[in-house]
Amino acid sequence: MVFPDDRVWKRLFTPPVSAFFERQFAGHGVTFIKKDNVIALTQKNRECQVVLESGKHVPTDFVVAGIGVSPCMELFKRTALDTSDGLKVNEFLETGVSGVWAAGDIANYPDQIIHRRMRVEHWDNAVEQGRVAMRNMMGHFQPFIHVPYFFSDVFDLSYEFWGDAKGHDQVVYRGNMKQKQLSVWWLKKQMLCAALIMNRPEEERAVAPRWILRRPRLDPKALQNTRNLKSMDTTFGHQD
């Protein structure tokens, strides 16, 4: 695995969590080549090679490229729609052109929880935005309010991630990484802004998105040590 950062998934994870995933990958035979970039794919003596920016040539049977995507905006370039990083919409998912709506990967919307513009490329976001856009088209106006979410399955690991850790000022860990049971809680001013849950009790999965949405103040020490998170959950019983 070749990537330009000094640790895996640096944008999302803390150093201990990155180190955990690197150990798991290495245990399945994956070799990491960090702080490098692919600049070419070549063939020499019938052997395919990946050429790196550092000058290294890596023999390969096949290549899987995970390089991200850019929204295809050509269809809308000559319209009155704002096409800066997707189609720009308001909190109701309506574009600047009356009667034109957008949902899914292409929608650049003002998130009402995180309080900044976002464009989320995940099916969960597309499904939820589609439902809200449909209701708003029918005149039942409601803003799009939904905690960003994704999940991933890697080898024998399965985890879920909610929210956005940008701007956090504290991180709390629960569980045991050696047993592949962990959760990570990113706090900002003692309020939860993101959570990673892997093989943990169902109650952690239940409170994570609710706390991000409801924004109760949390005691970091209690969050780390308490066995029953519901005892901390001042939002329990409230409607989302």
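The values are calculated or read from the model by the stated rules, or taken from the named source; none is laboratory data. This one's a predicted model, so the numbers in the text were calculated from it and none came from an experiment. Don't worry about glycine lacking a Cβ; one is built from the backbone with ideal geometry, like all the others, and counts go over all protein chains shown. Ligands, DNA and RNA are excluded from the accessible area calculation, which covers all protein heavy atoms including side chains. Shrake-Rupley method; radii C 1.70, N 1.55, O 1.52, S 1.80 Å.
Here is how the numbers come out for the structure above:
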quantity	calculated
³J(HN,Hα), Karplus 6.51/-1.76/1.60, whole Hz, each residue of the range 32-39, x for Gly, Pro	9, 10, 9, 6, 8, 9, 7, 10
Karplus-derived 3J(HN,Hα), 6.51/-1.76/1.60, for each residue of the range 194-207, Hz, glycine and proline x	7, 8, 10, 10, 9, 6, 10, x, 4, 4, 5, 5, 6, 7
Distance (nanometres) between label positions extended 7 Å along Cα→Cβ at residue 199 and residue 12	1.8
Local net charge near residue 17, Cβ-Cβ under 15 Å (Lys/Arg +1, Asp/Glu -1)	+4
Reach of residue 189 by Cα under 18 Å, taken over lysines that are not fewer than 8 positions away in the same chain	166, 221
Accessible area of the chain belonging to carbon and sulfur atoms, whole % at 1.4 Å probe	51
Calculated log₁₀ intensity ratio I(q)/I(0) where the Debye formula runs over C-alpha points of the chain, q = 0.12, 0.18 Å⁻¹	-0.86, -1.31
Förster-model FRET efficiency, 30 Å R0, residue 98 and residue 69, C-beta, rounded to 0.05	0.55
Sequence-distant aspartates and glutamates (8 or more away, or on other chains) whose Cα lies within less than 15 Å of residue 188	164, 169, 219
Residue-normalised accessible area of the chain, given per residue in Å² at a 1.4 Å probe	60
Using a Förster distance of 22 Å, the FRET efficiency for residue 177-residue 30 (Cβ separation, nearest 0.05)	0.75
All aspartates and glutamates inside 14 Å of residue 180 as judged from Cα atoms, apart from same-chain residues fewer than 8 positions distant	22, 153, 156, 160
